[in-house]
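Okay, structure first, notes after.
The values are calculated or read from the model by the stated rules, or taken from the named source; none is laboratory data. These numbers were taken from a predicted model, which means no experiment stands behind them. Glycine also receives a Cβ, built like all others from the backbone with ideal geometry; neighbour counts cover every protein chain displayed.
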């Protein structure tokens, strides 16, 4: 079976992403207001982007960074582990934040994202829920 391109459009994924943009959570709204229009040190982000079989919350294509916001339903989610591994295997680093972190510690969230983008944070870390890209994928 031939490997499909990660950016190849999957049937229904674009429509699903548009739907998710319309239903954004309060936390997504706040973080998007800080990431959009190159507001975070000039890095360009897009939101609700289809990648392969998934739709990611925020994506910085230039740096291959996926930022995910999770509610409590994601605690110890096997689906999220599989999803992160797949994204890593496609060359994307993934960092996850809890919704309450965006509301209560927004500056710390932005500083952490910036640390990844600037290359100051490169090693995987369960505490901050960062999973770097598989270097062999590039």
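For residues that are farther than 11 Å from residue 67 by Cβ and in a helix (DSSP H, G or I), scanning just the stretch 35-53, find the one that is nearest to the chain's Cα centre (by Cα).
Applying the filter and picking the extreme gives 36.
Collect the residues in the stretch 105-120 that are closer than 13 Å to residue 30 by Cβ and not in a helix (DSSP H, G or I), keeping them in residue-number order.
Within the stretch 105-120, 105 is the sole residue that qualifies.
Take residue 87 and decide whether it is surrounded by 17 or more Cβ atoms within 10 Å (Cβ to Cβ) and in a helix (DSSP H, G or I).
So residue 87 passes the test.
Among the residues of the stretch 57-69, count how many are surrounded by 14 or more Cβ atoms within 10 Å (Cβ to Cβ) and over 16 Å from residue 137 (Cβ atoms).
6
Within the stretch 75-99, which residues are farther than 14 Å from residue 131 by Cβ and free of Cβ contacts under 8 Å to residues at least 24 places away in the same chain?
75, 76, 78, 79
From the residues in the stretch 7-29 that are more than 15 Å from the chain's Cα centre (by Cα) and part of a helix (DSSP H, G or I), which one is modelled with the highest pLDDT?
Selected residue: 26.
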